[in-house]
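We did not get these values from a lab; they are worked out from the coordinates using the rules stated. Source: prediction; values computed, not measured. Glycine also receives a Cβ, built like all others from the backbone with ideal geometry; neighbour counts cover every protein chain displayed.
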């Protein structure tokens, strides 16, 4: 008899759409079926429409009602950022086995209270709030998968594989990482509202390449010494560029009025290696997802989107109908570099596969788990501190040392899976 895993979704926007799609794309497992059992949204009619589109068993008025009724194996928190914390708690209290949390983890709780505070106070209060959320997850014996899709790129899996081999040869030290995530501005209404999004390009785009940079240093330390390498200090800038330009400048972009459209983060790790990531809303040619890793044994450049594996020329873009060749590509006309199977290329399918594996294997922890969520949030919040102070370094040790992660909460890079063939 096939085992059925019940999956629920909280949200009906972009993230919920690709999440629903990806559960139908994960690698087949004999004897396992996946039921999209429930969906909820801020408005029940939206949830009902989403359920009809994706063949979901039932729509619910609230998240609490849904998880209490279904007792899902996997609950996907893919709603607006401001609602993440409460829904994680509800899922953990309902004994959900795996909670998939979209990024960034939570936002400053003072937004909901209408308060004003210094960036330093915001960091301290945000980390305290997230600690309470993670305590609830731990008490409920749930697993938290922090849904940073960049961690689940095939190239990051491949580099983790390569890293394990290099360590056998006395190498395996990652020295410098650089990454970019950019497009011409999110169309989500919540994005330009700090009380809903938590921030702009630094918080919501630079977080993406930051994730694999933090993960790969964790993997390096765990593989070599049995303990993760953690971030030590951070320097950053968050700027509003388009808002201060002439109106004609913004023709091809969404001009943010309330949040930053450019963010740069430099992280120094406790082994004094470095990562630098950029997130911005100034890419006129569609999405850009890139990561470069320089180690003592080689350099790996991940040109995820765009890359020149495929090249297309259309003298008239109308020939493509409504086909989207790259995420956020504004026009199909002219020369473009299509990205087939974007959900695979962007790591979403691998991400959902990890969630399923974590249900089926009780001793398995997510590769992108609570440690990565914690360090990511600490870096992002401290980055706004740094920017407000002119870009100087902010010490992360008070936050890194504030929470201990249990062995069963840490990833095992050896179980990430393989993407490379082996010579016979």
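Going from the residue with the fewest nearby Cβ atoms within 10 Å to the one with the most, 162, 44, 216 rank 44, 162, 216. Label points 7 Å out from Cα along the Cβ direction at residue 21 and residue 423: separation in nm? A separation of 3.9 nm, rounded to one decimal place.
Maximal additional length on extending the residue 406-residue 301 stretch stands at 34.5 nm, based on 0.36 nm per residue less the C-alpha distance. The sum of -39500 (n - 2.57) across all DSSP H runs of n ≥ 4, divided by the residue count of the chain, sets its helix-only mean residue ellipticity at 222 nm to -10000 deg cm²/dmol. The peptide list 144-157, 173-186, 223-236, put in order of mean Cβ contacts within 10 Å with the highest first, becomes 144-157, 173-186, 223-236.
Between residue 388 and residue 361, the contour length at 0.36 nm per residue exceeds the alpha carbon distance by 5.3 nm.
For region 214-242, backbone nitrogen atoms closer than 18 Å to the point 7 Å from residue 397 Cα along Cα-to-C-beta are found at 228-235. Using only alpha-carbon positions in region 1-61, the gyration tensor eigenvalues give semi-axes of 22, 12, 8 Å once each is multiplied by 5 and square-rooted (largest first). The calculated FRET efficiency for residue 121 paired with residue 167, based on their beta-carbon distance and R0 = 60 Å, is about 0.90. In region 154-342, the ratio of gyration radius to Kirkwood radius, Rg to Rh, stands at 1.03 when only Cα atoms are counted.
Between residue 227 and residue 135, the simple spin-label model (points 7 angstrom out along Cα→Cβ) gives 2.5 nm. Where both bridge residues fall in the chain, DSSP classifies roughly 55% of the beta bridges as antiparallel. Here the peptides 303-312, 372-381, 5-14 are ranked by packing, the mean other Cβ count within 10 Å, and the order with the highest first is 372-381, 5-14, 303-312.
One entry in (i) 22.0; (ii) 23.8; (iii) 21.0 is Kirkwood radius over Cα pairs in Å calculated from the shown coordinates; its label is (i). Among 390, 114, 347, the largest mean-square fluctuation in a Gaussian network model of the chain, built with springs joining Cα atoms closer than 10 Å, belongs to 114. Residue separation of residue 187 and residue 318 scaled by 0.36 nm, minus their Cα-Cα distance, works out to 44.9 nm of gained length.
Counting neighbouring beta carbons within 10 Å and listing from fewest to most, the residues 343, 262 come out as 343, 262.
Any chance you could check the Cα centroid distance between region 81-96 and region 107-142 for me, in angstrom? Cα centres, region 81-96 to region 107-142: 13 Å. Under a Gaussian network description of the chain, with springs only between Cα atoms under 10 Å, the residue in 201, 319, 190 that fluctuates furthest is 319.
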